[in-house]
Amino acid sequence: MRLLSHLAGHRRVAAADLALSLILAGVAGAINAGGFIAIGRYTSHMTGYMSELADAVALADAALVASGLAAVACFIAGAVVSAILINWARRHTRWSQYALPLALEAGLLAALGLLAMVPWAGGFALAAAPALCFLMGLQNATITKISGARMRTTHVTGLVTDIGIELGKGLYRNRDPRIAPERDVRADGRKLTIFCAIVGCFFVGGVVGAVGFGAFGFGFALPIALMLAACAAPSFVTHYRRGRRGR
(Lines give C-alpha, C1' and ligand atoms only; values in the text may rest on other atoms or scores of the structure.)
Protein backbone atom coordinates (compact mmCIF):
# COMPACT_ATOMS: atom_id res chain seq x y z
CA MET A 1 0.00 0.00 0.00
CA ARG A 2 2.87 2.35 0.76
CA LEU A 3 4.33 1.69 -2.68
CA LEU A 4 0.92 2.34 -4.25
CA SER A 5 0.77 5.71 -2.50
CA HIS A 6 4.10 6.67 -4.10
CA LEU A 7 3.23 5.67 -7.68
CA ALA A 8 2.14 9.17 -8.73
CA GLY A 9 3.60 11.14 -5.82
CA HIS A 10 5.92 14.08 -6.40
CA ARG A 11 8.49 12.58 -4.04
CA ARG A 12 9.90 9.75 -6.08
CA VAL A 13 11.53 6.52 -4.98
CA ALA A 14 13.21 4.04 -7.30
CA ALA A 15 10.76 1.24 -6.49
CA ALA A 16 7.79 3.46 -7.37
CA ASP A 17 9.39 4.50 -10.67
CA LEU A 18 9.94 0.87 -11.62
CA ALA A 19 6.47 -0.25 -10.51
CA LEU A 20 4.78 2.56 -12.44
CA SER A 21 6.91 1.81 -15.52
CA LEU A 22 5.85 -1.84 -15.42
CA ILE A 23 2.18 -0.93 -15.02
CA LEU A 24 2.25 1.63 -17.82
CA ALA A 25 4.14 -0.75 -20.12
CA GLY A 26 1.37 -3.30 -19.56
CA VAL A 27 -1.26 -0.64 -20.24
CA ALA A 28 0.48 0.43 -23.45
CA GLY A 29 0.81 -3.17 -24.61
CA ALA A 30 -2.88 -3.78 -23.93
CA ILE A 31 -3.98 -0.63 -25.75
CA ASN A 32 -1.67 -1.25 -28.69
CA ALA A 33 -2.48 -4.92 -29.28
CA GLY A 34 -6.08 -4.65 -28.13
CA GLY A 35 -6.65 -1.52 -30.18
CA PHE A 36 -5.49 -3.39 -33.27
CA ILE A 37 -7.99 -6.16 -32.56
CA ALA A 38 -10.76 -3.60 -32.03
CA ILE A 39 -10.09 -1.00 -34.73
CA GLY A 40 -7.30 -2.46 -36.88
CA ARG A 41 -4.68 0.14 -35.92
CA TYR A 42 -1.58 0.14 -33.74
CA THR A 43 -1.36 3.38 -31.76
CA SER A 44 1.42 3.27 -29.17
CA HIS A 45 4.45 4.07 -31.34
CA MET A 46 4.96 6.51 -34.18
CA THR A 47 7.57 4.69 -36.27
CA GLY A 48 4.95 2.79 -38.25
CA TYR A 49 2.85 5.90 -38.75
CA MET A 50 5.82 7.87 -40.08
CA SER A 51 6.62 5.07 -42.54
CA GLU A 52 2.96 4.86 -43.52
CA LEU A 53 2.89 8.61 -43.99
CA ALA A 54 5.96 8.46 -46.24
CA ASP A 55 4.34 5.71 -48.32
CA ALA A 56 1.10 7.69 -48.55
CA VAL A 57 2.93 10.79 -49.78
CA ALA A 58 4.82 8.74 -52.37
CA LEU A 59 1.56 7.13 -53.55
CA ALA A 60 -0.34 10.45 -53.41
CA ASP A 61 -2.98 8.87 -51.17
CA ALA A 62 -4.56 11.94 -49.57
CA ALA A 63 -6.77 9.99 -47.15
CA LEU A 64 -3.85 7.98 -45.81
CA VAL A 65 -1.73 11.12 -45.52
CA ALA A 66 -4.46 12.76 -43.45
CA SER A 67 -4.77 9.67 -41.25
CA GLY A 68 -1.02 9.52 -40.62
CA LEU A 69 -0.75 13.23 -39.90
CA ALA A 70 -3.68 13.05 -37.47
CA ALA A 71 -2.08 10.15 -35.57
CA VAL A 72 1.32 11.84 -35.24
CA ALA A 73 -0.24 15.19 -34.36
CA CYS A 74 -2.41 13.60 -31.67
CA PHE A 75 0.55 11.74 -30.15
CA ILE A 76 2.47 15.03 -29.99
CA ALA A 77 -0.57 16.79 -28.56
CA GLY A 78 -0.77 14.19 -25.80
CA ALA A 79 2.88 14.81 -24.91
CA VAL A 80 2.24 18.56 -24.94
CA VAL A 81 -0.70 18.23 -22.56
CA SER A 82 1.34 16.03 -20.22
CA ALA A 83 4.16 18.57 -20.10
CA ILE A 84 1.73 21.42 -19.45
CA LEU A 85 -0.04 19.56 -16.63
CA ILE A 86 3.19 18.43 -14.95
CA ASN A 87 4.89 21.82 -15.16
CA TRP A 88 1.77 23.66 -14.00
CA ALA A 89 1.43 21.32 -11.02
CA ARG A 90 5.11 21.71 -10.13
CA ARG A 91 4.67 25.47 -9.89
CA HIS A 92 1.30 25.49 -8.12
CA THR A 93 0.54 22.26 -6.24
CA ARG A 94 3.53 19.85 -6.42
CA TRP A 95 1.50 16.94 -5.06
CA SER A 96 -0.44 16.31 -8.27
CA GLN A 97 2.20 16.80 -10.94
CA TYR A 98 2.14 13.15 -12.04
CA ALA A 99 -1.32 12.23 -10.79
CA LEU A 100 -3.00 14.74 -13.11
CA PRO A 101 -1.89 13.25 -16.46
CA LEU A 102 -2.54 9.71 -15.22
CA ALA A 103 -6.03 10.70 -14.07
CA LEU A 104 -6.66 12.40 -17.41
CA GLU A 105 -5.56 9.28 -19.29
CA ALA A 106 -7.84 7.15 -17.12
CA GLY A 107 -10.80 9.48 -17.67
CA LEU A 108 -10.39 9.71 -21.44
CA LEU A 109 -9.87 5.96 -21.78
CA ALA A 110 -13.01 5.31 -19.74
CA ALA A 111 -14.92 7.79 -21.91
CA LEU A 112 -13.79 5.93 -25.04
CA GLY A 113 -14.87 2.62 -23.54
CA LEU A 114 -18.31 3.99 -22.67
CA LEU A 115 -18.73 5.74 -26.02
CA ALA A 116 -18.01 2.51 -27.86
CA MET A 117 -21.04 0.96 -26.14
CA VAL A 118 -23.41 3.60 -27.54
CA PRO A 119 -25.19 2.09 -30.58
CA TRP A 120 -25.44 5.40 -32.43
CA ALA A 121 -21.76 6.30 -32.08
CA GLY A 122 -21.05 6.20 -35.81
CA GLY A 123 -17.50 6.59 -37.07
CA PHE A 124 -16.10 5.51 -33.71
CA ALA A 125 -13.21 3.56 -35.22
CA LEU A 126 -12.05 6.60 -37.19
CA ALA A 127 -12.00 8.75 -34.06
CA ALA A 128 -10.62 6.05 -31.77
CA ALA A 129 -7.21 5.73 -33.45
CA PRO A 130 -6.21 9.44 -33.04
CA ALA A 131 -7.67 9.41 -29.52
CA LEU A 132 -5.55 6.42 -28.53
CA CYS A 133 -2.48 8.06 -30.08
CA PHE A 134 -3.19 11.09 -27.89
CA LEU A 135 -3.38 8.88 -24.80
CA MET A 136 -0.14 7.12 -25.66
CA GLY A 137 1.65 10.45 -26.18
CA LEU A 138 0.28 11.62 -22.84
CA GLN A 139 1.47 8.46 -21.09
CA ASN A 140 4.89 8.32 -22.72
CA ALA A 141 5.67 11.93 -21.88
CA THR A 142 4.54 11.38 -18.30
CA ILE A 143 6.83 8.41 -17.62
CA THR A 144 9.62 10.22 -19.46
CA LYS A 145 9.28 13.18 -17.08
CA ILE A 146 9.00 10.92 -14.04
CA SER A 147 12.08 8.85 -14.87
CA GLY A 148 14.24 11.71 -16.15
CA ALA A 149 14.08 10.35 -19.72
CA ARG A 150 15.46 6.97 -18.58
CA MET A 151 12.36 4.94 -19.42
CA ARG A 152 9.74 4.71 -22.13
CA THR A 153 6.66 2.53 -21.97
CA THR A 154 4.72 2.85 -25.23
CA HIS A 155 7.36 1.26 -27.48
CA VAL A 156 10.10 -1.30 -26.87
CA THR A 157 12.58 -0.80 -29.73
CA GLY A 158 14.99 1.17 -27.55
CA LEU A 159 14.57 -1.26 -24.66
CA VAL A 160 15.28 -4.28 -26.85
CA THR A 161 18.38 -2.48 -28.14
CA ASP A 162 19.48 -1.81 -24.54
CA ILE A 163 18.96 -5.49 -23.72
CA GLY A 164 21.22 -6.42 -26.64
CA ILE A 165 23.88 -3.97 -25.48
CA GLU A 166 23.93 -5.37 -21.93
CA LEU A 167 24.01 -8.95 -23.26
CA GLY A 168 26.91 -7.97 -25.49
CA LYS A 169 28.76 -6.58 -22.48
CA GLY A 170 28.10 -9.80 -20.58
CA LEU A 171 29.47 -11.94 -23.41
CA TYR A 172 32.59 -9.79 -23.80
CA ARG A 173 35.74 -11.41 -22.46
CA ASN A 174 38.27 -9.16 -20.76
CA ARG A 175 41.44 -11.07 -21.64
CA ASP A 176 44.03 -8.35 -22.13
CA PRO A 177 46.20 -8.27 -18.96
CA ARG A 178 47.60 -4.87 -19.95
CA ILE A 179 44.20 -3.22 -19.34
CA ALA A 180 43.42 -2.24 -15.74
CA PRO A 181 40.59 -4.28 -14.13
CA GLU A 182 38.53 -1.13 -13.49
CA ARG A 183 38.29 -0.70 -17.26
CA ASP A 184 36.85 -4.17 -17.79
CA VAL A 185 33.64 -4.39 -19.79
CA ARG A 186 30.84 -5.65 -17.56
CA ALA A 187 27.10 -5.98 -17.99
CA ASP A 188 24.80 -4.11 -15.61
CA GLY A 189 22.59 -6.89 -14.27
CA ARG A 190 20.11 -4.51 -12.66
CA LYS A 191 19.57 -2.58 -15.89
CA LEU A 192 19.17 -5.80 -17.85
CA THR A 193 16.57 -7.06 -15.39
CA ILE A 194 14.60 -3.79 -15.55
CA PHE A 195 14.67 -3.66 -19.35
CA CYS A 196 13.54 -7.29 -19.62
CA ALA A 197 10.78 -6.71 -17.07
CA ILE A 198 9.38 -3.70 -18.94
CA VAL A 199 9.46 -5.52 -22.29
CA GLY A 200 7.85 -8.55 -20.64
CA CYS A 201 5.06 -6.39 -19.17
CA PHE A 202 4.43 -4.82 -22.57
CA PHE A 203 4.12 -8.30 -24.07
CA VAL A 204 1.88 -9.66 -21.32
CA GLY A 205 -0.26 -6.52 -21.51
CA GLY A 206 -0.53 -7.05 -25.25
CA VAL A 207 -1.75 -10.62 -24.80
CA VAL A 208 -4.29 -9.57 -22.16
CA GLY A 209 -5.43 -6.62 -24.28
CA ALA A 210 -5.80 -8.69 -27.43
CA VAL A 211 -7.86 -11.31 -25.60
CA GLY A 212 -9.91 -8.72 -23.71
CA PHE A 213 -10.66 -6.44 -26.66
CA GLY A 214 -11.35 -9.46 -28.83
CA ALA A 215 -13.90 -10.79 -26.33
CA PHE A 216 -15.49 -7.58 -25.05
CA GLY A 217 -14.68 -4.97 -27.68
CA PHE A 218 -13.73 -1.46 -26.61
CA GLY A 219 -15.54 -1.96 -23.35
CA PHE A 220 -12.36 -3.67 -22.15
CA ALA A 221 -10.87 -0.16 -21.94
CA LEU A 222 -12.84 0.33 -18.70
CA PRO A 223 -10.79 -2.01 -16.47
CA ILE A 224 -7.59 -0.55 -17.94
CA ALA A 225 -8.86 2.94 -17.08
CA LEU A 226 -9.65 1.72 -13.57
CA MET A 227 -6.07 0.52 -13.16
CA LEU A 228 -4.73 3.93 -14.19
CA ALA A 229 -7.15 5.65 -11.83
CA ALA A 230 -5.89 3.43 -9.00
CA CYS A 231 -2.36 4.66 -9.70
CA ALA A 232 -3.40 8.31 -9.55
CA ALA A 233 -5.96 8.17 -6.72
CA PRO A 234 -3.60 7.88 -3.70
CA SER A 235 -1.99 11.21 -4.56
CA PHE A 236 -5.38 12.95 -4.57
CA VAL A 237 -6.40 11.23 -1.33
CA THR A 238 -3.16 12.25 0.39
CA HIS A 239 -3.64 15.86 -0.69
CA TYR A 240 -7.23 15.84 0.56
CA ARG A 241 -6.22 14.45 3.95
CA ARG A 242 -3.44 16.99 4.33
CA GLY A 243 -5.88 19.74 3.48
CA ARG A 244 -8.30 18.46 6.13
CA ARG A 245 -5.56 18.39 8.74
CA GLY A 246 -4.50 21.91 7.82
CA ARG A 247 -7.93 23.38 8.57
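The values are calculated or read from the model by the stated rules, or taken from the named source; none is laboratory data. Being a predicted model, the structure only gives us computed values, none of them experimental. As a convention, Cβ positions derive from the backbone with ideal geometry for all residues, glycine included, and neighbour counts pool all protein chains shown. Accessible surface areas use protein heavy atoms only, side chains included; no ligands, DNA or RNA. Shrake-Rupley method; radii C 1.70, N 1.55, O 1.52, S 1.80 Å.
Some observations on this one:
- Evaluation of PHE218 against (1) exposed (fewer than 15 other Cβ atoms within 10 Å of the Cβ); (2) under 21 Å from the mean Cα position of the chain (by Cα) (one fails), failing number: (1)
- Positions within region 153-186 being open to solvent by less than 50 Å² (accessible area, probe 1.4 Å) and not in a helix (DSSP H, G or I), in sequence order: THR153, THR154, VAL156, ALA180, ASP184
- None of ASP162, ASP188 is free of Cβ contacts under 8 Å to residues at least 24 places away in the same chain and either of a type outside the set (Asp, Glu) or more than 14 Å from LEU24 (Cα to Cα) (or both) except ASP188.
- Selection of region 187-214 for residues being open to solvent by 50 Å² or more (accessible area, probe 1.4 Å) and part of a helix (DSSP H, G or I) yields ARG190, LYS191, THR193, CYS196, PHE203, VAL204, VAL207, VAL208, VAL211, GLY214.
- Under the condition of being over 14 Å from the mean Cα position of the chain (by Cα) and within 16 Å of LYS145 (Cβ to Cβ), the residues counted in region 15-61 number 1.
- In region 30-50, the residues that are assigned to a helix (DSSP H, G or I) and open to solvent by 60 Å² or more (accessible area, probe 1.4 Å): PHE36, ILE37, THR47, MET50
- Residues being touching a helix residue (DSSP H, G or I) at 6+ places or on another chain (Cβ under 8 Å) and either touching a residue at least 12 places away in the same chain (Cβ under 8 Å) or within 14 Å of ALA129 (Cα to Cα) (or both) - total across region 41-67: 15
- Some residue of region 93-102 being at pLDDT below 90, of a type in the set (D, E, K, R) and either open to solvent by less than 60 Å² (accessible area, probe 1.4 Å) or part of a helix (DSSP H, G or I) (or both): no
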